[in-house]
1. Can you pull the percent of the chain's accessible area that's carbon plus sulfur, 1.4 Å probe, other chains left in place?
2. So what is the 222 nm mean residue ellipticity for the chain from helices alone, if each DSSP H run of at least 4 adds -39500 (n - 2.57) and you divide by all residues, rounding to the nearest 500 deg cm²/dmol?
3. Could you order 98, 92, 58 so the one with the most accessible surface comes first? Probe is 1.4 Å.
4. Report the FRET efficiency, 1/(1 + (r/R0)^6), for residue 24 and residue 95, where r is their Cβ-Cβ distance and R0 is 22 Å, rounded to 0.05.
5. From the phi angles alone, apply the Karplus equation (6.51, -1.76, 1.60; θ = phi - 60°) to the range 88-99 and give each ³J(HN,Hα) in whole Hz, x where the residue is Gly or Pro.
6. Any idea what the relative contact order of the chain is, in percent, if you count C-alpha pairs under 8 Å spaced at least 6 apart?
7. For 111, 65, give me the order by solvent-accessible area with a 1.4 Å probe, most accessible first, ignoring ligands, DNA and RNA.
8. With every protein chain kept in place and ligands, DNA and RNA left out, what is the accessible area per residue of the chain? Probe 1.4 Å, answer in Å².
Amino acid sequence: MTRPSLDLVHGTVDVLIMKTLSWKPMHGYAVSRWIRERTDGVLGVEDAALYQALHRLERKGWIESEWGLSENNRKAKFYQLTTDGRRQLRAEAATWREYAAAVFKVLDTASA
């Protein structure tokens, strides 16, 4: 049974992309595929949102890019996390953990 992809909460795409790039430099399609695979298909990033986020993160200096060849020998732009990006990822991950813990406190509260 396949589950529908969840809509990503605003701000989630950036932290997911930065976490993905913390493993290794990747081109856009590989970033999208990594997120989809790690979430068992629950989270998907649409192309437009992905590339808007990549450009936004690059403007902020949290990622940088260079041209290279993909696995199938095609020209692709590879993105990697910068030192500032790693610092930002740590901060955002801590915020998301705190947020998720608070949401679960509400969800796990027994009904009266």
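1. The value for the chain is 54 percent carbon and sulfur by accessible area.
2. -17000 deg cm²/dmol
3. Working: 98 135, 92 35, 58 55 Å².
Reading off the accessible areas and sorting them downward yields 98, 58, 92.
4. Working: r = 24 Å, r/R0 = 1.10.
Taking R0 as 22 Å, the efficiency between residue 24 and residue 95 is 0.35.
5. Each residue of the range 88-99 in turn: 5, 4, 4, 5, 5, 5, 5, 5, 5, 4, 5, 4 Hz.
6. It comes to 27 percent, rounded to a whole number.
7. 111, 65
8. Heavy-atom SASA per residue in the chain reads 71 Å².
The values are calculated or read from the model by the stated rules, or taken from the named source; none is laboratory data. In this text the structure is predicted, and so the values were computed from the model without any measurement. For neighbour counting, all protein chains shown are included, and Cβ atoms are generated from backbone atoms with ideal geometry for every residue, glycine included. Accessible surface is based on the protein model in full, side chains and every heavy atom, while ligands, DNA and RNA are left aside. Shrake-Rupley method; radii C 1.70, N 1.55, O 1.52, S 1.80 Å.
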